[in-house]
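As structure tokens, the structure follows; a few thoughts come after it.
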Amino acid sequence: MSLDALGRIGSIAATGTPAAKPAAAAADGKSFGESLMSLVESVEQTGADANRAVADMLDKSGDVHDAMIALQRAEMTLQLTVQIRNKLVNAYQDIMRMPI
């Protein structure tokens, strides 16, 4: 997942809707659910990349710097995903507290 896509997902999470687009479609034509699914897939991929980089480092076929960069990338992607989840849970709770 590119940094541009992560930025768009981050803006969706911060405001609740994509910038200048209807709530049903993200900036690249994908629905919000598809954007979240691609974020989850990105988290899984960066975690797998980090595991592979650490395994390469332990086998002495990889570099320590590459392993550390991969680990940091995986950690930041996971933190972004957790923050998006927190925003969604807070939004849901706010909606449920609204009087009818």
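Figures for the structure shown
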{"read-out": "Evaluation of ASN90 against (1) at pLDDT below 95; (2) under 19 Å from the mean Cα position of the chain (by Cα) (one fails), failing number", "value": "(1)"}
{"read-out": "Lone unmet requirement of (1) more than 20 Å from GLY33 (Cα to Cα); (2) of a type in the set (D, E, K, R); (3) surrounded by 12 or more Cβ atoms within 10 Å (Cβ to Cβ) for ARG97", "value": "(3)"}
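The values are calculated or read from the model by the stated rules, or taken from the named source; none is laboratory data. Here the structure is a predicted model, which is why all the values come from computation and not from measurement. Every residue, glycine as well, gets a Cβ built from its backbone with ideal geometry; the counts of neighbours run over all protein chains shown.
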